[in-house]
Amino acid sequence: RLDAAPPLPGPREDPPGNASAWEEKGTRHDPAGATMRALGACLLLLAALPACPARRARAVYTNHWAVRVLGGPAEADRLAAAYGYLNLGQIGSLEDYYHFHHSRTFKRSTFSSRGPHNFLRMDPKVCKWLQQQEVKRRVKRRVRRDHQFVSFNDPLWPEMWYMHCEDNDSECRSEMNVLAAWQRGYTGKDVVITILDDGIEKHHPDLAQNYDPSASYDVNGNDEDPTPRYDATNENKHGTRCAGEVAASANNSNCIVGIAYNARIGGIRMLDGDVTDVVEAKAIGTRPEYIHIYSASWGPDDDGRTVDGPGPLAKQAFEQGIKKGRRGRGSIFVWASGNGGREGDHCSCDGYTNSIYTVSVSSTTENGNKPWYLEECASTLATTYSSGAFYERQIVTTDLRKRCTDGHTGTSVSAPMVAGIIALALEANPLLTWRDVQHLLVKTSRPVHLLAPDWKTNGAGRRVSHLYGFGLVDAEALAVEAKRWRTVPAQHVCVGTSNKKPWFIPTNKTLRTATVTSACVDHPNHHVAYLEHVVVRVSIAHPRRGDLQINLTSPSGTKSQLLVRRQHDDSSEGFKHWEFMTVHCWGERAAGEWILEIQDKPYHVRNPDMQGKLKEWSLILYGTAEPPYSNFSTHHSRTRMLEMPSSNMELSKVAFFQNQMEVLEDEEEYTGLCHTECGDKGCDGPNADQCLNCFHYSLGSLKTGRKCVNSCPAGYFGDSVQRKCRRCHRGCETCLGRSQNSCMTCRRGFYHHQETNTCVMLCPSGFYSEEGKGGNCLSREGINAFKGMCLVDSSCIMGCRPGMYLIKEPVRCEGCHANCRTCTGPDQEECMQCARNFHSHEWRCVSACGEGFYPAEMLGLSHRVCRRCEDNCLSCDSSGRKCISCKEGFSLLSGSCIASDRCHNADEFFCDMVKSNKLCEHKPFIQFCCRTCLLAG
């Protein structure tokens with residue numbers, strides 16, 4: 001039981017009427033006598049043990065008394081002063097009862113105090129009643145954020161490591177926040193999910209309660225019963241295992257707890273026989289007006305050589321489900337990304353996971369590693385936990401023949417997990433469309449601890465990876481955001497380009513073809529300003545398909561790997577109108593230059609005359625003409641703050657204590673609606689600058705004021721890990737990171753060098769500035785300029801060597817400042833790169849960072865950058881988070897600098913009470929008990 005206070009050291013009760021005897025005993029004793037007395041005491045204790053049913057926690061006495069005094073407040077003041085007490089006033093509305101405080105008595109003691117206090121008891125005005133106050137354990141009756149309080153009687157619940165942490169195992173993972181969603185009341189009620197597989201065991205004791213015959217069908221047997229066919233090998237266990245993950249009943253003393261344990265679950269038996277286009281179309285199109293979510297953990301062979309997808313009937317079934325399912329809101333199809341990692345397979349060759357209509361789900365191990373079976377591709381949207389190496393845990397679920405298993409594995413695990421989590425979101429908001437669900441997954445999934453070498457931030461500020469999509473699903477965030485979600489604008493489709501010019505693909509070289517699109521800006525019904533899915537449809541002839549690698553780069557610079565080389569793919573069929581899909585450009589602007597790169601890198605020696613050919617390709621853009629999310633107005637105002645009590649309040653303990661209580665009474669907790677950008681910790685008021693944490697990004701600092709924003713303004717980029725808006729490098733209007741090589745567009749007066757993604761005042765050698773087209777530095781290719789020269793005002797001149805900058809009139813090169821490696825002018829503030837052993841600090845190159853800053857390495861820069869320490873630090877360690885010394889007027893406490901005249905305790909007894917009752921998380925208590933709360937963490 002977590003509510004119980006931890007037991008204090010063993011009880012040591014005072015004999016009635018003889019409490020002071022313990023205090024008056026001497027400490028020196030006759031050794032022999034002491035030994036005998038000790039043995040006697042032990043014997044008495046042993047004899048008494050059977051009669052003691054339980055050890056109760058020892059009472060803790062304070063230095064406060066309740067006293068009944070006749071004669072009014074003046075008489076109470078006189079008595080208190082006469083016996084060394086301080087009268088803190090009448091106790092509430094109780095007449096003749098007063099609160100006395102004795103400063104020379106221990107503030108917390110396991111012994112009640114007698115001695116001089118007996119004289120007060122004997123005073124005739126006291127009416128022979130006084131009571132020394134004991135500390136009482138009281139807890140708030142509220143839903144706790146501590147997930148450990150949730151427990152079920154299902155026997156495998158403790159083994160569901162991916163759902164909760166009930167021990168101190170450092171490898172225990174619960175970042176999917178399913179329990180937090182349950183605590184908000186979302187359990188999948190009234191949501192219908194079906195498993196497209198080899199059937200489900202409808203009479204399984206953990207599935208029977210939630211089984212829905214209306215969501216079930218046997219396509220293989222052409223009847224209503226989806227019960228799997230039993231054989232000696234239990235081959236048809238797959239669907240039953242997936243169904244348990246989604247909707248196994250809770251607290252029925254059987255197996256596990258499903259993620260949506262109050263949802264209705266059905267099964268479509270369609271894999272236990274010949275799978276044809278008709279079979280798939282029947283399964284995908286089963287009762288779309290009734291079933292909300294379809295979960296599928298199957299696809300073409302994951303052998304690293306197959307390229308296959310849905311046939312014409314299955315494609316129509318997908319489209320009908322999207323258009324008419326769920327009363328026009330669209331069926332939700334969740335698909336496992338594939339288990340062909342060991343075979344070098346790539347899920348872009350799977351037409352099911354590669355479809356815009358499916359939610360393609362990947363897997364990670366409990367330690368955040370890439371599983372051995374994982375396939376990488378640009379169509380993956382999100383990730384859940386699953387199995388990994390032999391030493392990593394697997395997934396527990398229901399099994400065939402009414403049993404349970406702890407050996408469920410692969411991406412087959414992840415699709416039903418996400419189906420269950422989406423069910424929680426649909427319970428929160430049944431009006432979500434199929435595109436709303438995908439937007440929510442993009443918006444709420446997090447990279448957390450997932451390890452991948454290719455994490456990048458796209459042009460919309462979202463972190464994305466070919467292994468994990470946008471990261472680990474977050475059930476609570478998904479449900480919370482779904483509750484207040486507004487339907488995204490209508491989907492527009494724009495054919496950005498259609499190029500039928502054939503291109504030969506040279507061996508061991510890269511074919512690069514680019515196209516510039518306006519994203520159908522002249523066609524309002526097709527205009528795509530903000531991207532969702534991007535599809536590249538290609539036709540390629542090639543002698544060995546597995547030697548090809550294809551990349552697509554968006555106008556924002558985001559590179560999607562559409563295809564990797566596949567060692568086992570010896571096919572000479574190439575690709576015929578095959579569609580590669582990427583979600584990595586989600587939220588970016590669609591208009592601009594798109595670059596398709598095709599590389600031919602043979603695994604084996606091949607006839608050099610046998611070249612591949614790109615016959616045609618087209619770019620299809622899906623998205624919206626308006627921003628998909630509403631931009632809420634955020635007017636700035638100062639957050640309410642309590643002033644710390646000043647030292648002159650020590651003039652009177654009574655005045656201080658009364659003031660303390662008055663402030664606490666005045667500080668009423670805000671109970672109104674929070675701003676829509678506030679996170680899950682609540683707020684102090686209705687405005688965006690009164691949030692306790694942010695749902696999207698925090699803009700500003702403690703000094704200038706912070707507020708929560710939906711997206712970061714110009715000159716900033718969104719750090720999705722810390723959920724902060726961080727400043728771009730000087731000259732950048734929009735950027736992907738802090739480094740100078742992360743600029744996307746530039747401020748006025750700067751030119752964008754697209755090859756290095758930098759903003760420069762003058763274009764370098766080999767480039768010229770084109771004022772009329774967005775201020776870019778364009779390549780000299782096609783311009784009459786020679787190698788080693790650059791174009792300046794229609795003239796070709798020699799480029800300046802490093803350490804020099806170009807002056808246009810008269811044309812010459814001048815030296816940079818001694819601290820600069822490259823520069824745009826002679827001053828120290830005009831450095832682009834710093835010289836060796838110099839650091840960049842506020843646009844200058846310095847030999848050492850100033851006070852309050854530390855040198856930090858930045859990706860893509862050859863020099864270090866001076867970054868600011870935590871507030872009020874004079875110096876800090878290399879992480880910037882732990883102060884080493886503090887500015888004047890601040891004290892170092894636990895690695896933080898606290899104002900010396902503000903961080904103190906109001907009253908030690910009061911602060912001990914605050915700490916023991918875990919109230920330090922509330923702002924009023926932090927104000928009064930700064931030092932105690934800070935040391936408590």
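The values are calculated or read from the model by the stated rules, or taken from the named source; none is laboratory data. A quick note: this is a predicted structure, and the numbers were derived from the prediction, not measured. Cβ coordinates were reconstructed from backbone atoms using ideal geometry, including for glycine residues, and neighbour counts include every protein chain displayed. For the accessible areas, the whole protein counts, side chains as well, though only heavy atoms, and no ligand, DNA or RNA atoms are used. Shrake-Rupley method; radii C 1.70, N 1.55, O 1.52, S 1.80 Å.
Cβ-Cβ contacts under 7 Å between residues 6 or more apart (or on different chains), taken from a first residue in region 682-696 that is closer than 10 Å to Cys708 by Cβ and open to solvent by less than 30 Å² (accessible area, probe 1.4 Å) to a second residue that is outside any helix (DSSP H, G or I) and of a type in the set (Lys, Arg), are listed as Ala688/Lys707; Asp689/Arg706; Asp689/Lys707; Cys694/Arg723; His696/Arg723.
Within region 335-386, being more than 21 Å from Lys559 (Cα to Cα) and of a type in the set (Ser, Thr, Tyr) holds for Tyr352, Tyr357, Thr358, Ser363, Thr364, Thr365, Tyr373, Thr384, Tyr385, Ser386. When you look at Cys866, is it modelled with pLDDT of 85 or more, open to solvent by less than 50 Å² (accessible area, probe 1.4 Å) and assigned to a loop (DSSP other than H, G, I, E, B), yes or no? No. Looking at this structure, is Asp345 touching a His at 6+ places or on another chain (Cβ under 9 Å), open to solvent by 20 Å² or more (accessible area, probe 1.4 Å) and not polar (S, T, N, Q)? Criteria not met by Asp345.
On the given criteria, is Ala490 surrounded by fewer than 17 Cβ atoms within 10 Å (Cβ to Cβ) and part of a loop (DSSP other than H, G, I, E, B)? Talk me through it step by step, then tell me what you get.
Values: surrounded by fewer than 17 Cβ atoms within 10 Å (Cβ to Cβ): yes; part of a loop (DSSP other than H, G, I, E, B): yes.
Taking the combined requirement at face value, the residue satisfies it.
Considering (1) part of a strand (DSSP E or B); (2) surrounded by fewer than 22 Cβ atoms within 10 Å (Cβ to Cβ), the lone condition that Val464 does not fulfil carries the number (2). Is it the case that Glu280 is buried (at least 19 other Cβ atoms within 10 Å of the Cβ), among the acidic types (Asp, Glu) and without any contact (Cβ under 8 Å) to a residue 60 or more places away in the chain? Answer is yes for this residue.
Screening Ser637 with (1) surrounded by fewer than 22 Cβ atoms within 10 Å (Cβ to Cβ); (2) of a type in the set (Gly, Ala, Ser); (3) modelled with pLDDT of 95 or more; (4) within 32 Å of the chain's Cα centre (by Cα) gives one miss only, at (3).
Considering the conditions (1) β-branched (Val, Ile, Thr); (2) assigned to a helix (DSSP H, G or I); (3) surrounded by fewer than 24 Cβ atoms within 10 Å (Cβ to Cβ), Val275 is excluded by exactly one of them, (2).
Screening the candidates Ser840, Ser878 for the property of being modelled with pLDDT of 80 or more and outside any strand (DSSP E or B) yields one hit, Ser878.
At least 2 residues being touching a Gly at 6+ places or on another chain (Cβ under 7 Å) is the threshold, and among the strands (runs of 3 or more DSSP E) wholly inside region 559-607 those reaching it are 592-600. Looking at region 410-428, is at least one residue modelled with pLDDT under 95, more than 30 Å from His527 (Cβ to Cβ) and outside any helix (DSSP H, G or I)? Yes: region 410-428 contains one or more residues that are modelled with pLDDT under 95, more than 30 Å from His527 (Cβ to Cβ) and outside any helix (DSSP H, G or I).
Of the residues making up region 448-459, not one is in contact with a Lys or Arg (Cβ under 7 Å, 6 or more places away or on another chain) and open to solvent by less than 10 Å² (accessible area, probe 1.4 Å).
To keep it simple, each residue is scored yes or no on (1) closer than 11 Å to Ser386 by Cβ; (2) modelled with pLDDT under 95.
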{"site": "Ser331", "(1), (2)": "no, no"}
{"site": "Gly340", "(1), (2)": "no, yes"}
{"site": "Gly344", "(1), (2)": "no, yes"}
{"site": "Cys349", "(1), (2)": "no, no"}
{"site": "Val361", "(1), (2)": "yes, no"}
{"site": "Thr365", "(1), (2)": "yes, yes"}
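Residue-by-condition table, conditions (1) in a loop (DSSP other than H, G, I, E, B); (2) modelled with pLDDT under 95; (3) polar (S, T, N, Q):
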| site | (1), (2), (3) |
| --- | --- |
| Thr227 | yes, no, yes |
| Thr240 | no, no, yes |
| Glu245 | no, no, no |
| Gly258 | yes, no, no |
| Tyr261 | yes, no, no |
| Pro288 | yes, no, no |
| Ala314 | no, yes, no |
| Phe318 | no, no, no |
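Going through Cys732, Cys728 one at a time, which residue ends up being open to solvent by less than 50 Å² (accessible area, probe 1.4 Å), over 23 Å from Glu870 (Cα atoms) and either out of contact with any Asp or Glu (no Cβ under 7 Å at 6 or more places or on another chain) or of a type in the set (Asp, Glu) (or both)? One residue alone meets the criteria, Cys732.
Of the residues making up region 247-256, those that are crowded, with 23+ Cβ neighbours inside 10 Å, under 29 Å from the mean Cα position of the chain (by Cα) and part of a loop (DSSP other than H, G, I, E, B) are Ala248, Ser249, Ile256.
Residues of region 886-906 that are within 24 Å of Ser103 (Cβ to Cβ) and either open to solvent by less than 40 Å² (accessible area, probe 1.4 Å) or modelled with pLDDT of 75 or more (or both): Cys903, Asn905, Ala906.
Can you confirm whether Gly672 is in contact with a Gly (Cβ under 8 Å, 6 or more places away or on another chain), assigned to a loop (DSSP other than H, G, I, E, B), open to solvent by 30 Å² or more (accessible area, probe 1.4 Å) and of a type in the set (Gly, Ala, Ser)?
On the way: in contact with a Gly (Cβ under 8 Å, 6 or more places away or on another chain): yes; assigned to a loop (DSSP other than H, G, I, E, B): yes; open to solvent by 30 Å² or more (accessible area, probe 1.4 Å): yes; of a type in the set (Gly, Ala, Ser): yes.
So Gly672 passes the test.
Taking the criterion of being of a type in the set (Ser, Thr, Tyr), assigned to a loop (DSSP other than H, G, I, E, B) and buried (at least 24 other Cβ atoms within 10 Å of the Cβ), the residues of region 362-398 that qualify are Ser379, Thr380, Ser386. So Asn631 fits all but one of (1) of a type outside the set (Phe, Trp, Tyr); (2) at pLDDT below 85; (3) open to solvent by less than 30 Å² (accessible area, probe 1.4 Å); what number is the exception? Asn631 satisfies every listed condition except (3). When Val279 is tested against (1) at pLDDT 95 or above; (2) farther than 24 Å from Met417 by Cα, exactly one condition is not met: (1). So which residues in region 290-312 are more than 29 Å from Gly546 (Cα to Cα), among the aliphatic types (A, V, I, L, M) and in a strand (DSSP E or B)? Across region 290-312, the qualifying residue is only Ile293.
Looking at Pro228, is it under 12 Å from Leu271 (Cα atoms), surrounded by 14 or more Cβ atoms within 10 Å (Cβ to Cβ) and not acidic (Asp, Glu)? Write out each step before concluding.
Working: under 12 Å from Leu271 (Cα atoms): yes; surrounded by 14 or more Cβ atoms within 10 Å (Cβ to Cβ): yes; not acidic (Asp, Glu): yes.
Spelling it out, Pro228 is indeed under 12 Å from Leu271 (Cα atoms), surrounded by 14 or more Cβ atoms within 10 Å (Cβ to Cβ) and not acidic (Asp, Glu).
Within region 583-606, residues that are more than 26 Å from Gln567 (Cβ to Cβ) reach partners that are outside any loop (DSSP other than H, G, I, E, B) and open to solvent by 40 Å² or more (accessible area, probe 1.4 Å) with beta carbons closer than 6 Å, at six or more positions or on different chains, in the pairs Glu593/Ala514; Glu593/Val516; Ile595/Ala514. Tell me which residues, restricted to region 549-603, are over 28 Å from the mean Cα position of the chain (by Cα) and open to solvent by less than 10 Å² (accessible area, probe 1.4 Å). Correct list: Ile550, Leu563, Arg566, Asp569, Gly574, Phe575, Phe580, Trp594, Leu596, Ile598, Asp600. Of the residues making up region 521-548, those that are assigned to a strand (DSSP E or B), open to solvent by less than 40 Å² (accessible area, probe 1.4 Å) and over 26 Å from Met744 (Cα atoms) number 5.
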